[in-house]
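Only one structure is covered here, and it is reproduced in the block below.
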Amino acid sequence: MSRAEVRKAVIPAAGLGTRFLPATKASPKEMLPLVDKPLIQYAVEEAVASGIEDIIVITGRGKRAIEDHFDRSVELEENLKGNGKAQLLSQIRHISNLANFCYVRQSEALGLGHAVLCAQHLIGDEPFAVMLGDEIIDAPVPGLAQLIHTYKKRRGAVLGIQEVPHQEVNRYGIISPERVADGLYKVADLVEKPAPADAPSNLAVIGRYVLPPEIFPILRKTKPGKNGEIQLTDALKELAKSSPMFALEIQGNRYDAGDKLGFLIATVEFALKNPSLGADFADYLRNRTESSGEHRRTSRA
Ligand code: G1P
């Protein structure tokens, strides 16, 4: 693999969002707002801050709002301009200028591996990133930039990982690691959502990948695996047999915002960090904790 620049990112967004029903019955889960921005915008901003120019979103039925979000909104812009709301106007314009956007429809939700395969004709023969938008990574160096840095040095696929509690390994792709350096591993093997007793480690793939185009012919041959879906993990397992694959522990805070509890935690953390809301929200939380402590003390008395 001699190609070095990672310019394109694939964001699979065709899933049904079953973990977040009923909110996701008629609205894309990717558009759930974390404070005031939809989840998918965090992934797009991370991509852009990591040097990505082209964003390929894999969409499906009922996902129109995603395209509208990253498009110009002429009426809204006119309105904001007319009302002298310059700051909001520039925020709104900025969204449609973030990157070049392309949309590919995945007509059936056949799995993450299948979703990635849908982007093959737009990727061509170059390395690319895959980003799962419900994983939010909050880090001084963007999560994807950390992977791209390693990719440039090592010239192999790089998977973003973090340690997870042993009992939670069955929610993730789990690697079988061979330590290379601090936080960097060679991936000997990987398995999708193993039972805790069968897991080779507690190092979980957290929705950020830099992959070579050699993954595509493998994906094309990958049969449905766990849950009857074409799994990216199964194709990666195959790729690891023929080319170098690394896993890098991403430095930063990760939130699984596709899960109700993870979403609430991410909301609290991002609200507390928000420059215009943080202080008031912190006051609210403090008063609330104190008064519920009061309440507990009174009800025990
Ligand atoms: C997917 C991948 C899994 C990975 C996880 C990270 O699973 O299949 O390997 O660890 O994302 O979020 P999903 O959460 O889509 O079921």
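Picking from Val164, Val74, Val210, which is most flexible by a Gaussian network model of the chain using Cα springs under 10 Å?
Taking springs between Cα atoms under 10 Å, the residue moving most is Val74.
Could you bin all the Cα-Cα distances of the stretch 71-210 into 5 Å bins starting at 0 and give me the percent of pairs in each, rounded to whole numbers?
Here the calculated profile for the stretch 71-210 is 2, 8, 13, 15, 17, 13, 11, 8, 6, 4, 3, 1, 0.
When the convex hull of the Cα atoms of the stretch 182-301 is projected onto a plane and the area is averaged over all directions, what value comes out in nm²? Each step should come with its number before you reach the end.
Working: hull surface 50.8 nm².
Value for the stretch 182-301: 12.7 nm².
Based on DSSP H runs of at least 4 residues, each adding -39500 (n - 2.57), what is the mean residue ellipticity at 222 nm of the chain after dividing by all its residues, to the nearest 500 deg cm²/dmol? Show your work: numbers first, answer last.
Numbers: 11 runs with 115 residues, N = 301.
Calculated mean residue ellipticity at 222 nm is -11500 deg cm²/dmol.
Please state the relative contact order of the chain as a whole percent: Cα pairs under 8 Å, 6+ residues apart?
The normalised contact order for the chain reaches 21 percent.
With 31 Å as the limit, write out which pairs from Lys226/Lys273; Lys29/Lys226; Lys25/Lys223; Lys8/Lys63 have Cα-Cα distances beyond it, or answer none. All intermediate terms of the calculation are to be shown ahead of the outcome.
On the way: Lys226/Lys273 38 Å; Lys29/Lys226 22 Å; Lys25/Lys223 29 Å; Lys8/Lys63 21 Å.
Table pairs above 31 Å Cα-Cα are Lys226/Lys273.
Can you tell which of Gly84, Leu144, Asn100 lies farthest toward the positive end of the dipole of the chain, using +1 and -1 charges on the Cβ of basic and acidic side chains (Lys, Arg; Asp, Glu)?
Result: Leu144.
Over the stretch 162-204, how many percent of alpha carbon pairs lie in each 5 Å bin up to the one with the longest distance?
Bins of 5 Å from zero give 6, 28, 35, 19, 10, 2 percent of pairs.
Mean separation of Cα pairs under 8 Å and 6+ residues apart, divided by the residue count of the stretch 28-134: what relative contact order is that in percent?
Details: 95 pairs, mean separation 40.0, N = 107.
Reported as a whole number, the value is 37 percent.
Compute a Gaussian network model of the chain, connecting alpha carbons closer than 10 Å, and tell me which residue from Val205, Val169, Val35 fluctuates the most.
Top of the fluctuation ranking is Val35.
Starting from the Cα gyration tensor of the chain, take the square roots of the eigenvalues, sort them a ≥ b ≥ c, and report rounded, prolate or oblate (rounded when a/c is under 1.5, otherwise prolate if a/b is larger than b/c, else oblate). Write out the running numbers ahead of the final one.
Numbers: a/c = 1.74, a/b = 1.23, b/c = 1.42.
Verdict is oblate for the chain.
Between Lys153 and Leu16, what FRET efficiency comes out of the Förster formula 1/(1 + (r/R0)^6) with R0 = 30 Å and r the beta carbon distance, rounded to 0.05? Each step should come with its number before you reach the end.
Values: r = 38 Å, r/R0 = 1.27.
It comes to 0.20.
Once you have a ≥ b ≥ c as the square roots of the Cα gyration tensor eigenvalues for the stretch 121-271, tell me rounded if a/c is under 1.5, and otherwise prolate or oblate according to whether a/b is larger than b/c. Write out the running numbers ahead of the final one.
On the way: a/c = 1.41, a/b = 1.23, b/c = 1.15.
Rounded, since a/c falls under 1.5.
Where a ≥ b ≥ c are the square roots of the eigenvalues of the C-alpha gyration tensor, would you call the stretch 1-92 rounded, which needs a/c under 1.5, or, failing that, prolate if a/b is larger than b/c, or oblate?
Details: a/c = 2.24, a/b = 1.17, b/c = 1.92.
Oblate, because a/c is 1.5 or more while a/b does not exceed b/c.
Since every read-out is calculated from the coordinates, none of them should be taken as a lab result. In this text the structure is predicted, and so the values were computed from the model without any measurement. Cβ sites come from the backbone with ideal geometry, for glycine too, and all protein chains shown count toward neighbours.
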